[in-house]
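What follows draws every value from the coordinates through simple rules; no lab data is involved. These figures come from a predicted structure and were not determined experimentally. So basically every Cβ, Gly included, is an ideal-geometry build from the backbone, and we count neighbours across all protein chains shown.
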Amino acid sequence: MKILIINQHMADALGGSETQCDLIAKELYSRGHDVSYAAVDGSDNHRYSDFPYSIYPLNLKNNDLESFLRKHTPDIIYWRYNKNFLRKSVRVFGLMNIPFVFAISHINDTKRFSYKPVPIGSLKAIPKAVAKITLQMLRSAWNYSAIRKSNAVTSNNKSFLKKLTHDERFGIWNAVNLASTQFNWPRPYICWVANIKAEKRPEKFIWIAKQISKHVPNVDCLMVGPVRQDTYTSTIQRACKDHANFHYLGPKKPEEVNGILAESLCLVHTCAPEGFPNIFIQAWSQVIPTITLDFDPDGLIANEKLGFVSGNDDQMLEDILCILKEEEIRSAIGHRARNFARYNFSVDRLGDEVEKVFIDTINRYSSEHCGPE
């Protein structure tokens, strides 16, 4: 099976979606499939040679998709680049008779008029922010209708499937690589890990750090992740200066994050609803409870008792303090989380489920377009 994955590549933009595409590519390649990766906005990154499957830069803005597909002739396309450029790309897929699977990786993929928050530093910035949000919503609506043209839809959050009416819908949870590098820190700590931008709400973790210093002064609060919106640079610098227990570690590789998580007392998650954060699985796999402000993918944290879903800032502080002060509760939640993760989030399971969707989609497409021999 010749498989083409279309998304940004983790060598160019390290995020949850890119990490999942890499895991899928490696797993299907190891099973003998011919896997190619179209790295959107890639530029012959020298790190591409570190990966076993083939990686090729693709510029969707320059309309070179058709020539790219004629060169690589895939049997199926796995699109995990949200709704970006989807409408015009789907036309090309149809012209070339190539089936494609649309992979939902964020709640915005299921919304016609979606947008991501834009930080506003002053009143003067409001008109520009409104213009950006309006443009996001218009582009979202323009591309949304193309989802129904897909031959199958997968979602890393099974509850999102209810939001679409597509006939071929499949829930496929993420997996994670648990390779780890050792991390040492002189004091006990809790951690927050995400790309730093408005929808991740990092300011709430800074507030948590301030409160923790009053209640448990020997516990540090570590923030990990690259700054994606410049307005947060000064916010973080000020927090490091104002709160002795707050430390910003910057961007880290997945194996470094695993090492940080392994010694953490808990993972704190303040992000707005998204898809299925890999960081949850990384924490659960290492016996670490998760405390989330309000996002609980598929209701797993509440239903499986993998941590706390706080609902508001004050309750989140109380939940964190409970985890810090009650070792027995922390241990019980952590071990329950690890057992759940081992059973549900393996790379083998991910490979099995994605492979089956691809094979079934190709067979169904061939039957519909070619008919019986």
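Measuring how big the stretch 164-216 is from its alpha-carbon positions, Rg and Dmax come out at 18.2, 54 Å. If you average 1/r over all unlike Cα pairs in the stretch 132-285 and invert the result, what Kirkwood radius do you get in angstrom? Evaluated on the stretch 132-285, it is 17.7 Å. Once the C-beta distance of Ser67 and Lys253 is scaled by a Förster radius of 25 Å, the resulting FRET efficiency is 0.15 to the nearest 0.05.
Please give the helix 231-242 orientation as an angle from the longest Cα principal axis of the chain, in degrees from 0 to 90, rounded to the nearest 10. Approximately 20 degrees, to the nearest 10. In the frame of its principal axes, the stretch 120-202 has Cα extents of 53, 44, 18 Å, reported largest first.
Across the options Pro254, Ala341, Phe308, the greatest Cα extent toward the positive end of the charge dipole of the stretch 189-344 (unit charges at beta carbon of Lys, Arg, Asp, Glu) belongs to Pro254. Looking at the stretch 210-244, the trypsin sites (Lys or Arg not before Pro) that sit in a DSSP loop and have at most 16 other Cβ atoms within 10 Å of their own Cβ are Arg228.
Kirkwood hydrodynamic radius computed over the stretch 20-113 comes to 14.3 Å, based on all pairs of distinct alpha carbons. Compared with the dominant Cα axis of the chain, that is its longest principal axis, helix 86-95 is turned about 30°.
When only alpha carbons are used to place a centre, the stretch 303-373 and the stretch 47-86 end up 28 Å from one another. Note on the stretch 73-220: the C-alpha convex hull projects to 13.5 nm² when averaged across all orientations. Taking a cut-off of 23 Å, what percent of all Cα-Cα pairs in the stretch 239-373 are separated by more than that? Everything past 23 Å amounts to 46 percent.
Dipole magnitude for the chain: about 1220 debye, using +1 per Lys or Arg Cβ and -1 per Asp or Glu Cβ, origin at the Cα centre.
Once the Cα atoms are used to define both axes, helix 313-325 deviates from the longest principal axis of the chain by about 70 degrees. Rounded to the nearest 0.05, the FRET efficiency derived from the C-beta distance between Ala244 and Glu326 at R0 = 30 Å is 0.75. Based on the Stokes-Einstein relation at 4 °C and a viscosity of 1.567 mPa s, and on the Kirkwood radius from alpha carbon pairs, the stretch 73-153 is assigned a translational diffusion coefficient of 93 µm²/s.
If the viscosity is 1.002 mPa s and the temperature 20 °C, what Stokes-Einstein diffusion coefficient in µm²/s follows for the chain when Rh is the Kirkwood radius over Cα pairs? Value of D from the Cα-based Kirkwood radius: 98 µm²/s.
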